[in-house]
Every structure is written in structure tokens, then in C-alpha cells.
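Chemist: Quick one: this structure, given as C-alpha cells, is what I'll be asking you about.
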Amino acid sequence: MRLWLWALLPALLIAGCNEKDPQLAQNSLLYCTPSSPSSFNPQLVISTETLDATAHQLYDRLLTLDPLSQQPRPALATDWQRSDDGLRYRFRLQPDVAFHHTPWFSPSRPFNAQDVVFSFTRLADKQHPYHLVSGGRYPFFSAISWAQLVKQVHIVNEHEVEFVLNHANADFLHYLASDYAVILSAEYGAQLLAAGTPQLLDQQPVGTGPFLLNLYRPDEFIRYHRHPNYWQTGDGLQHLVLDITPKSSKRLAKMLSGECDAMANPAASQLEVIQKHPDIALSAAAGSNVAVLALNTQKPPFNDHRVRNAIRLALNKNDILQAVYFGRASLAESLLPATFWQQAILAHPSSFISSDINPAINPTISPATSSPLMPTKSGAGRAQPAPFTDSEREQQLTEAKNLLAQAGLSGGFKMTLLMPAGARAYNPDGLKTGQLLQQQLAPLGIKLTLRALDEQVLRNSLLAGQQDAVLTGWSADIPSPDNILRNLLSCRAIGAGTNASRWCNPAFEVELNLALTEPDQLRRHAYYQAAQYLAELDVALIPLVHSRRHLAYRYSIAGLQLLPYGGINFQLAEKE
Amino acid sequence: MLLYLLRRLGLLISTLLMLTLIAFSLEFQLLSQPTQSFIEGYSLFLQQLLTGDFGVSSVSGLPVLGTLGQYFPATLELCLAAFIISLLVGVPAGTWAALHLNRWQDTSILTGTLIGYSVPVFWLGLLLVMFFSLNLGWLPVSGQLSLLYEIEQVTGIMTIDTLLADTPYRWPAFFDALRHLVLPALVLAIVPTTEVIRQIRSALLEVLKQNYIRAALTKGVSENHVILRHGLRNAFPMAIPTLGLQFGTVLTSAIMTEIVFDWPGLGRWLITSIALQDYAAIKAGTLAIATFTIVASAAVEVLSTLIYPARRRAIYASQR
């Protein structure tokens, strides 16, 4: 009997001490994220996980996006003036903004115009001592041709800075509000340069953001402390820990057992379990991405418009939506997700309801879908078009067969479909999508061979341009149609490997460029509609689904912001 | 005795040399430099090892030895906890089985050991996580300590470091570390426990046949007293060397356990390094695990010989 008591004692002791330090737990947030950041400087990366870990925790930007309107609003810049020709932007800067005080850097002055010039000249000026540091590649800024766009960034006085552009660009303010346009410390840069260790600028970060880096264990965790002199109000969390847990099943287990307060990217198959849990909320950032099927328009038989159209008609997107996304996404009727058009629709509904230029625009979108963090129980954020009936599907298949017959391919053909090996924000399972396409195209006699490739290998084969077809997509970095259309379909994007259909249409480019220099919002939208119409007419890409970004978190947490165009923001997060 | 220790030490060193030779020949085959002969290369390799130069990780860019030092204590903590559990459970169970020879108690314990021995470690780990962490919510799913606590690494053994830490939440952190240790240590303890049970059972059965036990029992000394004072005391020396060999098995299972429970130890580090093709880390990790196994089993043997001189005599006798 006594033996049993002894055996029970440690068990009782351990079970009895289940409670964590309450004060500490109240002031801390544990966020489970799938991977380590590839850098602590968002200028150098495009991965969402890196943005999650760095963009809004360590840094501030001159501007930020309003969570509801998605329009730029003041941040480190208190206000700005634009010259009439749209070529000069002058920003007045917030005074008394403190940089992080860390073991590796003690700032001697607050943020000023020098820091803005330092942060932005690095990106374009090849003579800048930091331009080639950490690889010298700035993916977002090269995609928007920053070096060609910005002629100069110069100091007006300590609290004013001016950007001089080579040509007007309607998205310029959005670029400055994007997650990538972070402000670094010029003083820290100079100190590291003098010490001969400039690469530390991107590894041991110093910013003005709400948190400062305390400890980083690669592949294990990142520990942030509250920035004690943060310039914005809010006594949020004192500690923020990013727990790096690659497997989504493990993240879910930690979420359920209370070891994570919030969890990034739950798998589509897990959403139901999460929704059934009484303590866990599920939020979805509106789908600012698109998954597409890209057919190589420069290679026979896909250079024939009829073949592309036949394939488009034979697809059953609803099956993909159900089997791959478990119904938690929106069917893509067009390349652009609904969020891009919302503000224009809300401001001028009558101009859009007829939708005669682009039948894809859905005027019934709820504005709630664009709010940054809105727990959803239904899962669906917008009205889904009804799936096809059997007879409609038969009709489409017959039409597709006729088109193939006209193209001289009534017996069908063989093709290879490439896809990314891992999950993407816009497509959680490329292989499964490919298998569905295999079945759906079989009635036309088209035999698909599937090849799942790693990111780098896939990018290389797209650059070589020998592919038949690819399952790919794009997640928008800023709320501008240009970001999706230009990256997926512009002639220049063929060379960058992001235009997988290798479609190049000068008329389309003209519309995009007109839109970018047009200051009037409504007219811009008209140009984008025209551009999109050209792409749809020619079946340049076949849009499949707009996915949604999910975040699971405990109901006791308030103020988390999952941003539709980038990472997550913990600045205002707190525990009740 | 000195002769014995010298002999044992010689054997240990030659085994370790063999190990480095195998490690180097693999490296020589894969990444040989044509300007260097095998002998030159090997002596350089040995020099580097002796000076603690294990190379630089191609992933983190840091010296591998430092990383090794960071992860090794966590593995040690896990293995020691598992070993303690296996003794705490195995010795009473083995004794119980021996005392109820061929009765249902004995049969069920033996069946239990067979099941415990055959059950895959990762599967058992997942099962325990499902039950204790997800269903009951008693124990954490993974890791060594809740990331809430900021504990400075002194020894790397978290149950000790939490107590050494100068923070107001020292005790909650200590119990949190204990709670994190329970499931992985239990899983890791399964195989050695079965071995302890079997060894203690057979050793005790051997001892209980001896005349002095019968004599003590006929004298009217209580059965418990006889078993504790005479039976186990004499059974242990027979069992210990075999148990020492369990270190190897425990370390192999530790790799899998660390993966299942995200335990930040040597095994998980090794597997991650293999995935990232970080050759310096793989080499250092493998050498560390192998060296630890060899040194530990040798140490157990020497220890048991020091404690039970009778064993020493047996060794000499068998060597004649």
C-alpha cells in the first residue's frame, strides 16, 4: 500500500502544479508559426512567415494600410503632399520616435529623415554600401521596378523627406504602406559598417516597432520583448514568443492543449475541429490571392485559343473547391479577388452593378469580408455561385469537344502538368488539384502527366519556358489589381518566371500602364476591367479559386490583426 | 584492480579509435582531397577532434561543438529520466514476477514486457499525447519547457536550470519542466523497463535457488527482509552489466522520442541536420552519440566491478 502512495506522489505533485505563472501568462502571447524567418529584414524576402515574424513586430513604415478601407494612412509620416504632376511626394515625419535599445545597439538619437533615406536608397542605389549585403535581392521592390520608379529620396530637413519619381504611379503610397517598406536605423547601419559586420543589419534587427528581439533560436523559437519607449499608445503584451512548429498537426495539438495562444495556417481539414472547440476562434483574412491553371500560350497546341477555351470549359472548379479547400474558399470567376473592387463598388454601386464590361464582378459582396479579423462560423465569406447542374456540365463538355474538333484535336492529346510540391497560400495541395484536373480532362481525351516540383526547380523550369501547363497563383502584396495582373500576365513577368502562361499582349500592358498613372479611382478600375477583359477573352489564364488565410486563436485574446496583404500584427493584441 | 581498469581503458580507447577510423573513411570516400593521403588525412582528423574542432555548420555558420554542447544535455536529461523510471518500475515488477513464478502475475508481467518491447516508440508517443495531452489536458504536447519562461541555459538540463534561475517564477518553471519531461521519459523508458524486468526476474530466480536464501527462510526471517537484503542485493550485480548495454538502445529510441515530442536534443538536431545536409553537424552528432554509448557502457561495467568485487574475481577467473 505504501509503495502505491510513493508512486502516486510525483504524479499528484506534477498534476497539481498544472497552473502557469498567471501574471506571466497574462502578459505573454505564444504564436505557433510554421517556419523560421529567412531574414529579420522584410525588404529581402517575400515569404509570409518572415513577414509574420518581422514586418509589424520589429518595424514601422511611413504609412500603413487602413484595415477597413485598405487605403494608406499616416504612420511614421504624419502627413504628406503630392505635387500636381504626381512626381514628388513630401512626407512630414513623426518626432520623438525611439529606436530599439538592444545589447547590440544603443541609439543616440530618435528616428529622423536620415533613416528614411538610408532605408530606401539601399534598395536602388548600386553604390550604396548596403546594396549588395545579404544577397542584394529585394524581390518586392524589383517586381514594382522601384529602381526605375524612384529617381531620388532626399532630406528636406530633419523631419521632412521627399521622394522624387521618374513617372507618376498611382500605387506609390501603397508601396510605402506595404509590409516590405520598413524603416531601418541609419545610425545602426553606420555603426555596423564601421565594425565591418554590415550583414548583422538583417540578422540582429533594430527598428522602431512595438517589440524588440530578445532571443532567436533557429527552428525553435523567437522571443520578443515589448519596446519600452514605443511611440504609439497601447500597453499591449509584454512578451511575444513565436514558437516554430512546422507540422500543422502539431500546431493544432499545441493549440488544443493551450501551449499556443494563436496558430498560423491551420490546414483546411482542421478547420472543422477548430470551429467545434468552445475556446478557439477562427478568423479568415479575405482572399487576396488567386490559384490559376496556366497553359503555355507559346507552345502548341496551347497556342490555339480554342484548345485553351476547351480546357477552361471542361473544368469543374467546384469539385476542386470542395476536395482541396474543403469548401473554405471562393470560386474564382476572374483573376482579381473581390476585395480589390469593394471600395469602388461601395462608393459608386451604380457604376458597377451592371457589370457589362466584366461579367465577373460580383456586386453582392459583403464589406465585412475585408475586415482584418472577423471570426467566422459559417466559413463562407461571400456568396458562392451555384455549382453547375449535370445538364449544364454536359453542355459545356459538348462545347469543349467541338472546340477541340475545330482545332483538329478531336482524339485528344497528352500533356504534362507541373505544380509546386508543397502547400501554397493560394493552393494547399497542388497534387490533389492536379489529380482532379486529370479526371476532369479525361472526357476530352486529354491525358495529364503530373509532376510536383520543389519551388526552386519549378521556378527554373518556368524560366526555361518549356512547360505545357502549370498550377500556380499569386498572393497580393498590396490592395492593387496591378500587383496581381502585372505579376501574372505582363510581358516583363515572363522573364521573371511569374508569367507561367507566357502570354504577352501589348494592349493589355497599355491598359495596366494607363491605370497606374491615372489618379482617378473609378477610371483606374475601368482600365483594370478592360485589361482583365482582354485576358479573359484570350483565356490567358484559367482562374480556379481565391483562397483565404486562416488564423486560429483563443477567444481570450483581442486585438490580433491578420492582414490580408501581408503578415500578422500583434501591436494591439492583449489578453482579457 | 588497476590492471583491470587499465585493460578496460585500453579497450575503450581502441574502440573509440575504430569509431573515428570508420567515420573518417566514410568522409574520405565522399569528400577526399587528392593532395592528401589517407594517413595524413586521418591524423589531421584526429588532431581536430582532440582539439575540439568539429567543424562549422553549413546551415547556421556556427561551430558545431557549441551547438552540440547546447543539445547534448537535453538528451542526457531525457535518457537519465527514462533510466530512473525504468529502474523504479522495472525492479519491483521484476521482483514481483520472480516471486510469483509461473503464476498469473508472472505471466501477465512477462506478456506486458513482450508488448512493451514490440510497441513502436513513435506510435506509443502519439497515443500518449492523444490521451494525456489532448483528451485529459494534463501534460504538454511537446518541448522541454513552456516558452513563457525565460530560463538562462547553465547546464542545459532544464529541471536543474529552472532551479538555478534567478526569477520569481522559479518553482512554476521547475514543475513545468517536470511536466514536459513526463511523457517523453515514459515513452523512452518502455524498452529499458522491459529489459530491467526480465533481467531482475531471471537474476532473482537464480539467487532464490541458492542455499543461503533457503537457510534464511527456514530460520524464520521474514520473506520481505530476505528478498530485499539478500535476494536483490545479490541479483543486482548479475543484472547491471546487461542493463548498462541498454544505453545504446535508449539513445536510439531517444532520437525517435525527440522527434515525436520536439525535444530539443541531439537526436532531433541530428535528424534536422540530415534533412538539411549539414555534413559537419551529422558527423559530430553521430560521433557524439556513438562515443556516449561506448563510454557509458564501459562506465557501467567499471562501476559495477568497483561496487561488487566478486564480479572482478569472476572476470579474472574467466580469463584464465
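Chemist: If I ask for residues that are open to solvent by 30 Å² or more (accessible area, probe 1.4 Å) and within 23 Å of B:T257 (Cα to Cα), which ones from the range B:158-188 would you list?
Modeler: Within the range B:158-188, B:M158, B:I160, B:F174, B:F175, B:L178, B:V182, B:L186 meet the criteria.
Chemist: On the given criteria, is A:L431 in contact (Cβ under 8 Å) with a residue 24 or more places away in the chain and not acidic (D, E)?
Modeler: In short, no.
Chemist: Hey, another quick one. Could you identify the single residue in A:F40, A:F91 that is touching an Asp or Glu at 6+ places or on another chain (Cβ under 8 Å), surrounded by 22 or more Cβ atoms within 10 Å (Cβ to Cβ) and in a loop (DSSP other than H, G, I, E, B)?
Modeler: A:F40
Chemist: For the structure I just gave you, tell me whether A:P479 is open to solvent by 10 Å² or more (accessible area, probe 1.4 Å) and either in a helix (DSSP H, G or I) or under 26 Å from A:L87 (Cα atoms) (or both).
Modeler: In short, yes.
Chemist: Considering only the range B:274-289, I want to know if a residue exists there that is modelled with pLDDT under 80, of a type in the set (K, R) and over 24 Å from B:L124 (Cα atoms).
Modeler: no
Chemist: A follow-up question, please. Collect the residues in the range A:499-526 that are assigned to a helix (DSSP H, G or I), open to solvent by less than 50 Å² (accessible area, probe 1.4 Å) and not aliphatic (A, V, I, L, M), keeping them in residue-number order.
Modeler: A:F508, A:E509, A:E511, A:R524, A:H525
Chemist: Residue by residue through the range B:221-240, note down the ones that are open to solvent by 60 Å² or more (accessible area, probe 1.4 Å) and farther than 19 Å from B:V300 by Cα.
Modeler: Those that are open to solvent by 60 Å² or more (accessible area, probe 1.4 Å) and farther than 19 Å from B:V300 by Cα: B:S222, B:E223, B:N224, B:H225, B:L228, B:R229, B:H230.
Chemist: I'd like the residue in the range B:241-257 that is aliphatic (A, V, I, L, M) and open to solvent by 40 Å² or more (accessible area, probe 1.4 Å) and, out of all such residues, is nearest to B:A215 (Cα to Cα).
Modeler: B:L245
Quick grid of which residues meet (1) within 14 Å of chain A (Cβ to nearest Cβ); (2) of a type in the set (V, I, T); (3) under 30 Å from A:A253 (Cβ atoms):
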{"site": "B:V59", "(1), (2), (3)": "yes, yes, yes"}
{"site": "B:W104", "(1), (2), (3)": "no, no, no"}
{"site": "B:T107", "(1), (2), (3)": "no, yes, no"}
{"site": "B:L124", "(1), (2), (3)": "no, no, yes"}
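Chemist: Ok, one more. Looking at A:I222, A:I244 in this structure, which one is open to solvent by 10 Å² or more (accessible area, probe 1.4 Å) and in contact with a strand residue (DSSP E or B) (Cβ under 7 Å, 6 or more places away or on another chain)?
Modeler: Answer to the check: A:I244.
Chemist: Kindly provide the set of residues from the range B:134-154 that are aliphatic (A, V, I, L, M), more than 7 Å from chain A (Cβ to nearest Cβ) and touching a helix residue (DSSP H, G or I) at 6+ places or on another chain (Cβ under 6 Å), ordered by number.
Modeler: B:L139, B:L145, B:I151, B:V154
Chemist: Among the residues of the range B:210-255, count how many are among the charged types (D, E, K, R) and closer than 29 Å to B:I190 by Cα.
Modeler: Total satisfying the criteria: 2.
Chemist: Further, regarding this structure: Take the range A:183-195 and flag every residue that is touching a residue at least 40 places away in the same chain (Cβ under 8 Å), over 30 Å from A:S480 (Cα atoms) and among the aliphatic types (A, V, I, L, M).
Modeler: If the condition is that a residue be touching a residue at least 40 places away in the same chain (Cβ under 8 Å), over 30 Å from A:S480 (Cα atoms) and among the aliphatic types (A, V, I, L, M), then A:A186, A:L193 are the ones that fit.
Chemist: Continuing with the same structure: Got at least one residue in the range B:190-202 being within 14 Å of another protein chain (Cβ to nearest Cβ) and of a type in the set (A, V, I, L, M, F, W, C)?
Modeler: no
Chemist: Does A:W80 fit the bill of being of a type outside the set (S, T, N, Q), over 28 Å from the mean Cα position of the chain (by Cα) and surrounded by 14 or more Cβ atoms within 10 Å (Cβ to Cβ)?
Modeler: no
Chemist: Let me ask you something else. Residues in the range A:37-72 that are closer than 21 Å to A:W231 by Cβ and without any contact (Cβ under 8 Å) to a residue 40 or more places away in the chain: how many?
Modeler: 1
Chemist: Something else about it: Here is a list of conditions, (1) among the charged types (D, E, K, R); (2) at pLDDT 90 or above; (3) closer than 19 Å to A:L242 by Cβ, and A:E511 meets all of them except one; can you say which number that is?
Modeler: Result: A:E511 passes all but (3).
Chemist: Pull out all pairs, ordered by first then second residue, where Cβ-Cβ is under 8 Å, the residues are six or more apart or on different chains, the first lies in the range A:10-31 and is more than 7 Å from every other protein chain (Cβ to nearest Cβ) and at pLDDT 75 or above, and the second is outside any loop (DSSP other than H, G, I, E, B) and open to solvent by 30 Å² or more (accessible area, probe 1.4 Å).
Modeler: From residues that are more than 7 Å from every other protein chain (Cβ to nearest Cβ) and at pLDDT 75 or above, the pairs are A:Q26/A:K575; A:N27/A:H239; A:N27/A:K575; A:L29/A:H239; A:L29/A:K575.
Chemist: Is it the case, given these coordinates, that B:L178 is within 27 Å of the chain's Cα centre (by Cα) and within 14 Å of chain A (Cβ to nearest Cβ)?
Modeler: yes
Chemist: So which residues in the range A:560-576 are under 22 Å from A:D477 (Cα atoms) and of a type in the set (G, A, S)?
Modeler: Correct list: A:G566, A:G567.
Chemist: Are there helices (runs of 4 or more DSSP H) fully within the range A:95-205 with at least 1 residues that are open to solvent by 60 Å² or more (accessible area, probe 1.4 Å)? List them.
Modeler: A:113-124, A:139-143, A:146-149, A:186-195
Chemist: Give me the pairs, please: first residue somewhere in the range A:170-182 and over 12 Å from A:Q43 (Cβ atoms), second residue anywhere and aliphatic (A, V, I, L, M) and part of a helix (DSSP H, G or I), beta-carbon distance under 8 Å, and either six or more positions apart or on two chains.
Modeler: Filtered contacts from the range A:170-182: A:A170/A:A515; A:A170/A:L516; A:D171/A:L516; A:F172/A:L149.
Chemist: Any residue that is surrounded by fewer than 21 Cβ atoms within 10 Å (Cβ to Cβ), among the β-branched types (V, I, T) and free of Cβ contacts under 8 Å to residues at least 24 places away in the same chain - is there at least one of those in the range A:545-565?
Modeler: No: zero hits.
Quick grid of which residues meet (1) away from chain B (no Cβ under 11 Å); (2) assigned to a helix (DSSP H, G or I); (3) more than 27 Å from A:Q26 (Cβ to Cβ):
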{"site": "A:P246", "(1), (2), (3)": "no, no, yes"}
{"site": "A:K250", "(1), (2), (3)": "no, yes, no"}
{"site": "A:A253", "(1), (2), (3)": "no, yes, no"}
{"site": "A:E259", "(1), (2), (3)": "no, no, no"}
{"site": "A:M263", "(1), (2), (3)": "yes, no, no"}
{"site": "A:L271", "(1), (2), (3)": "yes, yes, yes"}
{"site": "A:I274", "(1), (2), (3)": "yes, yes, no"}
{"site": "A:P278", "(1), (2), (3)": "yes, no, no"}
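Chemist: A follow-up question, please. For the range B:206-270, list the helices (runs of 4 or more DSSP H) that sit wholly inside it and hold at least 2 residues that are within 30 Å of B:T291 (Cα to Cα); which are they?
Modeler: Answer list for the range B:206-270: B:233-244, B:246-260.
Chemist: Does the range A:179-186 include one or more residues that are modelled with pLDDT of 90 or more and within 13 Å of chain B (Cβ to nearest Cβ)?
Modeler: No, every residue in the range A:179-186 fails to be modelled with pLDDT of 90 or more and within 13 Å of chain B (Cβ to nearest Cβ).
The values are calculated or read from the model by the stated rules, or taken from the named source; none is laboratory data. What you are looking at is a predicted structure, and each value in this text was computed from that prediction instead of being measured. Please note: Cβ atoms are built from the backbone with ideal geometry, for glycine as well, and neighbour counts cover all protein chains shown. When the accessible area is computed, the model is the full protein with side chains, heavy atoms only, and any ligands, DNA or RNA have been set aside. Shrake-Rupley method; radii C 1.70, N 1.55, O 1.52, S 1.80 Å.
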